[in-house]
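Computed from the coordinates by the stated procedures, all read-outs in this text should not be read as laboratory data. Keep in mind that this is a model prediction, so the values were computed, not measured. With ideal geometry, Cβ positions are generated from the backbone for all residues, glycine too; neighbour counts draw on all protein chains shown.
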Amino acid sequence: MTVNVGVIGVGLIGEDHVRRLTRVLSGGAVVAVADVDRGRAERVAAALGGPRVLAVGEDVIGDPAVDAVLVASWGPTHEGYVLGCIAAGKPVFCEKPLATTQGACLRIVDAEAARGARLVQVGFMRRYDPAYRALKAAVDGGAIGAPLLLHAAHRNPSVPGHYVDDMALNDTMVHDADVARWLLAEEIAAVSVLTPRRNGRADLRDPLLVLFRTESGVLVDVEVSMNVAYGYDIRGEVVGERGVAGLAEGNPVVVKCRGRFEGRVPADWRERFMRAYDLELQAWLEAAALGKATGPSAWDGYAATAVADAALASVGTGAWTPVKLRERPALYATGD
């Protein structure tokens, strides 16, 4: 079965997803797109096979030719589009954030729970990255014993001009919050944010050191650096009772010559996580063909937003701020 997909939002990542669905993956076809910049939507449609360009996102959701919807629009619009998809009974892939407030996330959780079946997958692509999956398998396999610490780093070479201080937590760090919850299979109970010496390359609160404490007492430290210049560098290491498991360097070889050794650092997020994006959307298409969703859930999107909100509350004080989650609905009793 071919899943006819409608895409809402064809900015940088939306356009990349249209390309992926059209030229890389199997089982899907992009049949309609919409964007607030209609000219951009028309250019993307013309370049990638000519899906119909509709006026607004609601038209995509309501189109009878659309079986499933991919939402990659501006964050504050996500709630309305995802709720529209749930009401229409259409599987929806929503890029992070699921929504920009906890209240909006909970309205999505409630709507899906009331329906009694999952339709929402959130774009936390790291869960599909082969290196992260190998790390989780090592942790779950028990060879290193119970996890005690998780060290992580999220380093960008630079960020665009529209990037503001809070985005380091509610747009960037949320990936690390989701990874911590997924790797350790428990919720984050409290957050603290420390602000070291400022990076002089940019007018931002950069870097940040974010600390999580999980329900069982595992401590997680996340370095969030937005202007490291040398490349896009993602780090992760779990320290257990009997051993350590960590992400390896991504280079197939390390070159040694002229008295030094070197390897390539990815230039940006697209290079580092290209395969993860392919795998997550392929999984979404296969689930959508059955009229359902798997992978990161609306609950996961809500939990990550709650962690980001607690982190924002801790900035400036470094105080441990509790993460308060509502009782988890039975629909989300088990994760993927």
Fewest to most Cβ atoms within 10 Å: GLU241, GLU327, GLU186 sort as GLU327, GLU241, GLU186
Fewest-first ordering of TRP320, TRP299, TRP74, TRP269 by Cβ atoms within 10 Å yields TRP74, TRP320, TRP269, TRP299
Helix 102-115: inclination vs the chain longest Cα principal axis, degrees, rounded to 10, gives 50
Inter-part gap, Cα centre of the stretch 300-336 to Cα centre of the stretch 7-83, in whole angstrom, is 30
Exposure proxy check on MET226, MET274: fewest-to-most Cβ neighbours within 10 Å is MET274, MET226
Convex hull around the C-alpha positions of the chain: the volume in Å³ per residue is 152
The value for the stretch 11-65 (convex hull of the alpha-carbon atoms, volume per residue, Å³) is 74
For the stretch 240-287, listing trypsin sites (Lys or Arg not before Pro) in a DSSP loop whose Cβ sees at most 13 other Cβ atoms within 10 Å gives ARG242, ARG258
Helix 38-47: inclination vs the chain longest Cα principal axis, degrees, rounded to 10, gives 90
Of the listed links LYS96/LYS292; LYS96/LYS324; LYS136/LYS256; LYS90/LYS136, those spanning more than 27 angstrom between alpha carbons are LYS136/LYS256; LYS90/LYS136
What the 5 Å binned alpha carbon P(r) of the stretch 224-336 shows, as percent of pairs per bin from 0, is 2, 8, 10, 12, 16, 18, 16, 9, 5, 3, 1, 0, 0
When the chain is treated as a Gaussian network with springs between alpha carbons less than 10 Å apart, the largest mean-square fluctuation among ALA34, ALA88, ALA293 is found at ALA88
PRE zone check, label point 7 Å out along Cα-to-Cβ of ARG258, amide N under 11 Å, scope the stretch 141-174, hits none
So ASP221 and ALA88, fully extended at 0.36 nm per residue minus their Cα-Cα distance, gain in nm 43.8 nm
Here FRET efficiency (C-beta to C-beta, ARG43 to ALA248, R₀ 45 Å, nearest 0.05) is 0.70
Stretched fully, the stretch from ALA185 through TRP74 gains (0.36 nm per residue minus C-alpha distance, one decimal, in nm) 37.0 nm
Note: probe point = Cα of GLU271 + 7 Å toward Cβ; backbone nitrogen < 16 Å; residues of the stretch 125-155 passing the test are 155
Quick calc: nm separation of the 7 Å Cα→Cβ label points for ASP165 and VAL56 -> 3.6
So ILE13 and VAL36, fully extended at 0.36 nm per residue minus their Cα-Cα distance, gain in nm 6.8 nm
With Rh as the Kirkwood radius over Cα pairs, the stretch 115-178 has Rg/Rh of 1.06
